[in-house]
Amino acid sequence: MNAAEIEIPPQIQQRYRAIWISDVHLGTPGCKAEYLLDFLKWNDADKLYLVGDIIDGWQLKKGWYWKQSHNDVVQKILRKARKGCSVTYIAGNHDEVVRQFLGMAFGDIKIVDEATHELVDGRVIWITHGDLFDGIIQHAKWLAYLGDSLYTLVLKINNCFNHVRHKFGLSYWSLSQFLKHKVKNAVSFINQFEVILTNEARRRGFDGVLCGHIHKAEIRNIDGILYCNDGDWVESLSAIVETDQGELKIIHWPYRQTQQMHQIDNEPAALT
């Protein structure tokens, strides 16, 4: 094993103006809840945006799957909200059931269909999961369900692959992301999705858009409109953060909590 391949997570807790995460898919075997819990322990913010597909209602309808780590993630987010972090939950397609509760709050977490955020420099970005602008979701849902089943199979293979990598001290690597980016049609769909979202942001008068849904983390300018996608927690293990200076950054967190890395049993009280 090459020592250069071993990645050690940062040991200093970071604080940001805002953090955006989406596509966690709690309730599925593909969810990397342990990685997300690690991220939430070491990164805090004034505002936390949950940009859809946090809980996977599609999979939970097929059969119950809920590990302790999934519950730990929920408890961690609730604890952040209780301690003063402004937490906003934007509904997605896999957790569309929460759209029944738009405008309400649960445990200090606001439930909305979309949101806005003003950056340090005054630009206002529109926040939406993105599924309402996906033609397959809106007009051929049966095809979306089929694709979801195939995707779940790939993630199972991916989990086995990364279990072996973890045994050798290697960080997470996404086989599913690699395959997706090699398929021409998938790349074309992603590009179309990005253009549709930025055009809608322009039409609504926003300076940019931040979304999830397609599991591809990105920050770039598309014809004068800022496009941001915070990725996911089944493949890219990523989030977007805004620093106090107003910089937007993609944070990749391929770190899994272990006693050796984080000394969980002796974790400082400040990180709970």
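The values are calculated or read from the model by the stated rules, or taken from the named source; none is laboratory data. Just so it is clear, the model here is predicted, and its values are computed rather than measured. Counting neighbours? That spans all protein chains shown, and the Cβs are built from the backbone with ideal geometry, glycine included. With ligands, DNA and RNA removed, areas are computed over all heavy atoms of the protein, side chains included. Shrake-Rupley method; radii C 1.70, N 1.55, O 1.52, S 1.80 Å.
Among the residues of region 255-272, what is the count of those that are touching a Lys or Arg at 6+ places or on another chain (Cβ under 9 Å) and modelled with pLDDT of 50 or more?
Result for region 255-272: 2.
Residues are listed down the side, and each one gets a yes or a no for (1) assigned to a loop (DSSP other than H, G, I, E, B); (2) open to solvent by 10 Å² or more (accessible area, probe 1.4 Å); (3) under 19 Å from LYS249 (Cβ atoms); (4) of a type outside the set (Asp, Glu):
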site: ALA18; (1), (2), (3), (4): no, no, yes, yes
site: LEU36; (1), (2), (3), (4): no, no, yes, yes
site: LEU60; (1), (2), (3), (4): no, yes, no, yes
site: TRP66; (1), (2), (3), (4): yes, yes, no, yes
site: GLN75; (1), (2), (3), (4): no, yes, no, yes
site: LEU78; (1), (2), (3), (4): no, yes, no, yes
site: VAL87; (1), (2), (3), (4): no, no, no, yes
site: GLY103; (1), (2), (3), (4): yes, yes, no, yes
site: LYS110; (1), (2), (3), (4): no, yes, no, yes
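Anything in region 224-236 that is at pLDDT 95 or above, part of a loop (DSSP other than H, G, I, E, B) and open to solvent by 10 Å² or more (accessible area, probe 1.4 Å)? List them, or say none.
The one that is at pLDDT 95 or above, part of a loop (DSSP other than H, G, I, E, B) and open to solvent by 10 Å² or more (accessible area, probe 1.4 Å): GLY224.
For GLN11, are the conditions met, namely being polar (S, T, N, Q) and either within 30 Å of GLN245 (Cβ to Cβ) or not in a helix (DSSP H, G or I) (or both)?
yes
Please verify whether region 237-244 includes one or more residues that are part of a loop (DSSP other than H, G, I, E, B), within 16 Å of ILE19 (Cα to Cα) and open to solvent by 10 Å² or more (accessible area, probe 1.4 Å).
yes
Of the residues that sit in region 38-49 and are open to solvent by 10 Å² or more (accessible area, probe 1.4 Å) and of a type outside the set (Lys, Arg), which one is nearest to VAL209 (Cα to Cα)?
Result: TYR49.
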